[in-house]
Amino acid sequence: MDYLTTIKSFLYFIFAGLFEIGGGYLIWLWLREGRPISYGVAGGIILFLYGVVPTLQPSNFGRVYAAYGGVFIVLSIIWGWKIDKVTPDRFDLIGGLVALIGVCIIMYWPRPQ
């Protein structure tokens, strides 16, 4: 995989993660915090976009979703820190790093063609 494709792939992961977490968060606010239904509708639309973005990845479904799990872990830690004000501890950071290493191996490690 060339450099530009790798950068685009990583950006797709970030967008997918933000759409999934953001959409889920809006639905959470609607159902758990009593916000207006517009939060739920917006969350549903954003979750739909989450379903579309991974199709842009340059790999097969199983590999993309396996690697995405690691990106989701890291983005969730960041979301909790910045949005919910829960500071990650060293175990969160170590776990996130291990997950990102897994992402790099699954998606970007050179394979024979």
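What follows draws every value from the coordinates through simple rules; no lab data is involved. Note that the structure is predicted; figures quoted are calculated from it, not measured. Cβ sites come from the backbone with ideal geometry, for glycine too, and all protein chains shown count toward neighbours.
Details
- Annotation note: Cβ proximity below 6 Å between a residue of the stretch 1-29 that is at negative phi and a residue that is surrounded by 15 or more Cβ atoms within 10 Å (Cβ to Cβ) and among the small types (Gly, Ala, Ser) (sequence gap 6+ or interchain) occurs for GLY23/GLY43; LEU26/ALA42; LEU26/GLY43; ILE27/GLY40; ILE27/GLY43.
- Number of residues in the stretch 43-91 that are more than 11 Å from the chain's Cα centre (by Cα), surrounded by 12 or more Cβ atoms within 10 Å (Cβ to Cβ), part of a helix (DSSP H, G or I) and of a type in the set (S, T, N, Q): the value is 0.
- Some residue of the stretch 32-52 being closer than 15 Å to GLY69 by Cα and touching a Ser or Thr at 6+ places or on another chain (Cβ under 7 Å): no
- Qualifying residues in the stretch 4-42 (those that are in a helix (DSSP H, G or I) and charged (D, E, K, R)) - the one surrounded by the most Cβ atoms within 10 Å (Cβ to Cβ): GLU20
- Hey, ILE94 more than 15 Å from the chain's Cα centre (by Cα) and crowded, with 16+ Cβ neighbours inside 10 Å or not: no
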